[in-house]
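Notes for the one structure printed next.
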Amino acid sequence: SYADVVYSFVVEAESDVTIEVFGESFWPYIAVMSVCGDNTTEIRCLYGGSDVRFFERRMTPGTYFLVVQSFVEGVFEVELSIDAPTDPPVGDTCEEPLLLADGGSSSVTLADFTGQAPLSCLSSASYMDVVYEFSLAEARNVRYEVEGTGFTPYVAISETCGSTGGEIVCDGGNPQARTVCALPAGDYY
């Protein structure tokens, strides 16, 4: 029942598409879909503080619709960029995760990644995510520390990448730190 504005755009050839919606005193919700008004065709539905960024790598040609809505009145701007298609970086999918070693650290920009892996502690699988993998040769306590700049990260440790069925833990917070005790030997994502 929130007020909304509908835009359309055309992708003429396979392309990387970025949409940014931002404004002051504005809490945007956005959805990108291939059939206007049909939620079953949503590519991604996102919301955020004063701005939201949508990124989809290698969108197929076609006409798409962007719905912007908010529960508060406000002025906002929309920027659309359609660029040459790029290959996904390592860590964008379960098939090619980033490797973490004991004591290792990683710093990434989520804007370079797409949403692939569902998490039980999030309402949508379409948020941008990075997939890591680590292995334990024997049972160990595992501690992770995660901090986001300008966003709240959610972290899950799972035995099965791309499925909430193998999750051992799933939580959000910024900063976030947690110790998982006596994690058995095996591969984890």
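Read the figures in this text as sums done on the coordinates, not as results from a lab. Small disclaimer: the values here were computed from a predicted structure and weren't measured. All Cβ positions, glycine included, derive from the backbone under ideal geometry; neighbour counts span all protein chains shown.
If I model a spin label as a point 7 Å beyond the Cα along the Cα-Cβ vector, how far apart are those points for I82 and E12 in nm?
A separation of 0.7 nm, rounded to one decimal place.
By how many nm would the segment from E159 to S120 lengthen if fully extended, with 0.36 nm per residue of separation less the alpha-carbon distance? Please list the in-between numbers first.
Details: separation 39, 0.36 × 39 = 14.04 nm, distance 1.37 nm.
Here the answer is 12.7 nm.
Net charge near V78, counting Lys/Arg +1 and Asp/Glu -1 over other residues with Cβ under 12 Å of its Cβ? Numbers along the way, then the final one.
Values: positive: R53; negative: E20, D51, E77, E79.
Local charge sum for V78: -3.
Could you give the distance between the Cα centres of region 122-175 and region 2-51, to the whole Å?
So the two Cα centres are separated by 26 Å.
From Cα pairs below 8 angstrom and at least 6 apart in sequence, can you work out the relative contact order of the chain, rounded to a whole percent? Walk me through the intermediate numbers first.
On the way: 430 pairs, mean separation 36.4, N = 189.
Taking the mean separation of contacting Cα pairs over the length of the chain, I get 19 percent.
Counting only DSSP beta bridges with both residues in the chain, tell me the antiparallel percent, nearest 5.
Values: 49 of 51 bridges.
About 95 percent, rounded to the nearest 5.
Provide the net charge surrounding M59, with neighbours chosen by a C-beta distance below 13 Å and charges set as Lys +1, Arg +1, Asp -1, Glu -1.
-2
Residues of region 1-28 with the amide nitrogen closer than 12 Å to a label point 7 Å from the Cα of T63, along Cα-to-Cβ, please.
8-11
Spin-label point model (7 Å from Cα, Cβ direction): what's the L100 to S135 distance in nm?
Modelled inter-label distance: 1.7 nm.
Compute, for the chain, the length of the dipole vector about the Cα centre, with Cβ point charges of +1 (Lys, Arg) and -1 (Asp, Glu) only. Units Debye, rounded to 20.
Values: 7 positive and 29 negative charges, 91 e Å.
It comes to approximately 440 debye.
Nearest 20 debye, what's the magnitude of the dipole of region 77-147 about its Cα centre given +1 on Lys and Arg Cβ and -1 on Asp and Glu Cβ? Don't skip to the answer; put the middle values down first.
Details: 2 positive and 14 negative charges, 75 e Å.
The calculation lands at about 360 debye.
Take the alpha carbon gyration tensor of region 1-109, find the square roots of its eigenvalues, order them as a ≥ b ≥ c, and report rounded if a/c is under 1.5; if not, report prolate when a/b exceeds b/c, else oblate. Could you put the intermediate results ahead of the total?
Numbers: a/c = 2.28, a/b = 1.43, b/c = 1.59.
Judged from the Cα gyration tensor, region 1-109 comes out oblate (a/c at least 1.5, b/c at or above a/b).
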